[in-house]
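Read-outs throughout are calculated quantities, based only on the coordinates presented, and are distinct from any laboratory measurement. Values in this document were obtained by computation on a predicted structure and should not be read as measured data.
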Amino acid sequence: MLRAGPYPKDVSQCQGCGVDVVWMRTKRRKWIMANVMVVDNSDLRGPNAGEDRFKYGEHQSHFATCPEAGSFRRGSDDET
Ligand SMILES: [Zn+2]
C-alpha cells in the first residue's frame, strides 16, 4: 500500500538506537518521537508529509519501541 510518508527534512534519527523518527507534538504540546516505520502494530501508521501533530491510536511513540528508551524515558508520560 502506498502512502506519502514524511518529508525527508522532517526525519531525524533516534539518539539512542538510530532509527528514523519524526518529532511531533502532542495536544499537550509535548514533543514526542514518532516511528517512521511502525513496529509490530498494523493499526498504527507513520507520519505523513507535513504532519506535525502526534495522535494516539494513529502514530506510534518511538519511546514505546526504542531499545534504548530507558536512557531517556525518565520524566516522560507517554501512553504506556
Ligand atoms: Zn531509539
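Key figures
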read-out: All-pairs alpha carbon distance profile, the range 8-69, 10 Å steps from 0, percent; value: 25, 59, 16
read-out: For the range 8-69: relative contact order, % (alpha-carbon pairs under 8 angstrom, 6 or more apart); value: 30
